[in-house]
1. Averaged per residue, what accessible surface does the protein assembly as shown expose to a 1.4 Å probe, in Å²?
2. What is the helix-to-structure angle for B:18-27, meaning the angle in degrees between its Cα long axis and the longest Cα principal axis of chain B, kept from 0 to 90 and rounded to the nearest 10?
3. For the pair B:Arg196 and A:Asn636, how long in nm is the line joining their label points, each one 7 Å along Cα→Cβ?
4. Mind checking which of B:Pro121, B:Val180, B:Leu193 is farthest towards the positive end of the stretch B:116-218's charge dipole, using Cβ charges of +1 (Lys, Arg) and -1 (Asp, Glu) about the Cα centre?
5. First compute the accessible area of the stretch A:88-179 with a 1.4 Å probe, then give the percent of it belonging to carbon and sulfur atoms.
6. Relative contact order for the stretch A:647-779 using alpha-carbon pairs under 8 Å, separation at least 6, rounded to a whole percent?
7. Within the stretch A:488-627, what percent of beta bridges assigned by DSSP are antiparallel, to the nearest 5?
8. In terms of Cα to Cα distance under 24 Å, which lysines are near enough to B:Lys206, apart from those fewer than 8 places away along the same chain?
Amino acid sequence: MSLTRRDFMKLSSISGLAVVGLHGGLPALSAFAQDPKSNRASALGKWMATTCQGCTSWCPVQVLVLNGRAIKVRGNEHAHATHGTACVRAHMGIQQVYDPDRIKVPMKRTNPKKGKAEDPDFVPISWDEAINMIADKMMELRNNGEPEQFVLFRGRYTYMRDIIYGALPKVFGSPNGISHSAICAEAEKFGPYYTEGFWNYRDYDLEKTRYVLCWGADPLASNRQVPHATSVWGEVRDRATIAVVDPRLSSTAAKAHEWLPVIPGEDGALAVAFAHVILREGLWNKAFVGDFVDGENRFKAGETVSPETFQDKYTHGLVGWWNLELKDKTSEWAAERTGIPAEQIVRVARGFADAAPKAISWLSPGSSMQVRGGYTAMATHALNGLVSSVDNEGGTLRAAKIPANSTPDFEPYYDEIAKKGTKNKKMDQRGYLQFPALNAGKSGGGVVTNNAADAILSDDPYPIKMAIGYWNNFVFSCSGAERWEKALVKLPFFVHITTHASEMSHFADIVLPAAHHMFEKYGFIKSKQNMVAYASLNVPILKPMWDVKMDETEIPWMIAEKLAEKGFPNLLDYYKTEFKDPETGKIAANGMEFSIFALKHLTQPLWDSRHENYGKYGDAPKGWQDLVEKGVWNSNKYPYRKNWDKFGTKTNKFEFYSETLKEALEKHAVKHKVSVNEVLEACKYTARDELAFVPHYEEPYRWGNEKEYPFVFFEHRSRLNREGRSANCTWYQSHKDADPGDERWDDVAKINPADGRTLGLHGGERIRIVSPVGKIECHVKLWEGVRPGTVGKCFGQGHWSYGSVAALDFKKRIPRGGNNNVILPADYERLSGSTARHGGVTRVKIEKL
Amino acid sequence: MARFAMVIDLHKCVGCAACDIACKIENNLDADVHWSDHFTETRGSFPNVRYQYVPTLCNHCEDAPCVKVCPTKAMFKNGDGIVLHNADTCIGCRSCQLACPYNVIYFNEEQQHNMYRNDQPLMPGLTASGKEIADKAKAPIPNYNPDREKTYQGIRQKGIVEKCTFCDHRVKEGKQPACVEACPPEARIFGDLDDRKSKVNQLLGKHTSRQLLKSKGTRPKVFYIRDF
């Protein structure tokens, strides 16, 4: 007689005992201990601190671990930045770590043919066999004098990253640590750098602000401070006016005072029109920006101003900006281009400026990662300069210092092969004429991630014979996805470190199962929210169920050990020598010890009272164990106006006329023996001469002609996306309607009902969306939250691999929904090197199926 | 003896569904069972559009029709105003579902959590199967929360109904319901209407409040204040 579940449940709750190995094979329940003395039966279990990396807010969280199982997630009470809260994403980590579709063991490809249509015929192999094959391939490259033909592709990382992304390729002899940053948001950093001298994301003083102007930013749903923003938004809305510029009625737009549904790609017109209104009406902040010497406002529509009449204070070049660009950019002019009524433009500009200096102009990838978005990024950030909210109370801020250690220098471990190999230029063509990638002023200073595919295909600058990629999935996450399929078919040997058999794994020779970064790995991140900078530890709070290894530490250690066995010990020497246990001086004996020692070393100033920086910049935990338990180190509060005297630009002022950009462009032009104008042309910009040095309007660059492709396509993010990795979670699917306009268990393309009527669609039909580079199929949704003439679709679904939920049919490689990156062309904001997936970069047509 | 109720502040709510997922985690719910749920509305026409997200859950009505129609008294109200369900005496007749105007009662046609009984790995020898995960976890689902067993079946069996219990198992211990704890802006406030000083009473005294389907006369105890 087998026990029914009902009886079993009764039994276990009465006895309160853990029941093991019942006849009939029913799983044992780990039950709770009942305290007979009081009625307070309590589940044993411990809340353990770790870090959620579902998005790049990177939040300290806690997980309740009971009998080695993760039960639930909450914020970390010790985290000032997040008010001890966690957003919805964090909870889905549980479904990720326990996903049945996770890879359990290393796999080796047995079908030598590669392609989307080819089954890799993976077989399980041991770690030793896998690492041995990898090390053999690497030694082959070394022995042939071609170490630079090795690439390390970095995906989702912690600040242990330089162990695998910096040291491994370089000590080996390759310059090619290639990050994903350019498909993240580099163009967004371009704006603040070439105005404020700050190549980074900003923090925001939401507590004090009186106006929040979001440019595609959707803080209630996505990067970069979701728990903070969601916690305080109600109060912010009571104190401040919120205006959201977004082609879609996002969550934040739905809870704002003003929605400006800009035509995709026309954000720049709006930004310069705001600036025009602010100057024309004399609303700029005089104490910060400067003023006319005689106090008379000469900014009149259509009229140039002579520079001598204006005295700059903390800024540079306002008159130059007006004369070159702003004088004609009236609200009426902008209304025609943006689809935003002139009176709303004026109202928002006035409201924004009236709130000065407590007015935030909040950039996002949406308004920056456009083909011609570099100048839009500058224009949107320049608004902060106009109202003096830069680095100021109620405004946009940098971050307090986190005195973590940087990775120990590995150059001393280069042998002659490595010295020679690392002198090669990086393989992604950064710094080429058409890819200035002017990270922090340097030509080729930034990565051009998506172009790595083309570089592989063209063997330019040189062939690539081997790559290791970790926590990335470029075949899914890069626009012009098909090129990555082709590149990986060509790439002779590819190793993928991943939790799931994703699209990129499909082309791999070896797949190594990765420890989950929230539950199974040692690492740490640095981030900022709520004017607090913080370091948060990733801690292996669960014993992994499967034979996984930590991506950034255990795997490179194993490779280093094998390389040493094969006669190349330098990498292992580096790991052993430079990452001793800071407390005992012990040398790591294995990958796990290495992981712990490395984490202790890199975080040492935060927890070690012997260190000179201990306690100086924030928390003073009582040693390493205390930091591990608390999970987070909080900085002191960020002080306002620290940088006003030395912004870090060429003039050290906030530049409306960017001498910094002028210098960077000129250097790049000289390097290629061309003029700056020729650089701009190669980068698809229309500006010439001095206009190139000021924020200005550029007409959006779109693929496809209007006649053949009548709709402008734009994409957006999901509050449930754990980057590209959560579509396999059933909770993702069953809550997808939490993204405004979207539907459960579906991946819809949203069009305005007016367009639905024209197309004869009622909603729910299957459609095909076709762009000049590809096509996808999905269901259509009629929704008033998007502008007629546009198609808005969320990123994150359309997986044809990854798992049984993310894909509609994993074996047949049929996607659930459609991957936007199949129809988005591979184009770039070239001045930053960033991928351009926004701004309505492609037009599309809709076909009924 | 209390009279528990919930106030939902739509001004603070951002529509993130953290409450929905936290509820699933607390109560071992299957993916498509939404004890904590929501509906959304989009009104107007572009560009004059208003979107709102309204969290919903069992209203623990003062005059609960589900309790009235239950033939076995499996659906009952406890002394603290919480409408609870006895899994042992439920016969799965589903009268409560018909009676409830809010559609917050779920019926388990199948055994829950099929995913963790599936023994077919996606890639045999290479990925796990749901059953393998559950076996390794020594639990019916890997993140099984045994706390739920204190007052209700940990995972409700096939053939009976189930619904939100205001996390009575937590409330008994002086804790907040899981949905309340999970909400970052603290938009959900739970408390005792019979306690003059309770936060729910403070809010109901300060703000105009609404209830869903008030005209049905069930006297729901979930109140909405302000606007999304």
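1. On the way: 36070 Å² over 1077 residues.
Heavy-atom SASA per residue in the protein assembly as shown reads 33 Å².
2. Computed tilt is about 50 degrees.
3. According to this spin-label approximation, the distance is 4.8 nm.
4. Of the listed residues, the answer is B:Leu193.
5. Numbers: 1050 of 2490 Å².
The nonpolar share, carbon plus sulfur, comes to 42 percent.
6. Taking the mean separation of contacting Cα pairs over the length of the stretch A:647-779, I get 12 percent.
7. Working: 7 of 12 bridges.
Antiparallel bridges: around 60 percent, rounded to the nearest 5.
8. Within the straight-line cut-off, B:Lys206 pairs with A:Lys255, B:Lys12, B:Lys197, B:Lys214, B:Lys221.
The values are calculated or read from the model by the stated rules, or taken from the named source; none is laboratory data. Here the structure is a predicted model, which means the values were calculated and not measured. Methodologically, a virtual Cβ is constructed for each residue, glycine included, from the backbone with ideal geometry; neighbour enumeration extends over all protein chains shown. Ligands, DNA and RNA are stripped out before the accessible areas are found, and what is left, the full protein with its side chains, is counted by its heavy atoms. Shrake-Rupley method; radii C 1.70, N 1.55, O 1.52, S 1.80 Å.
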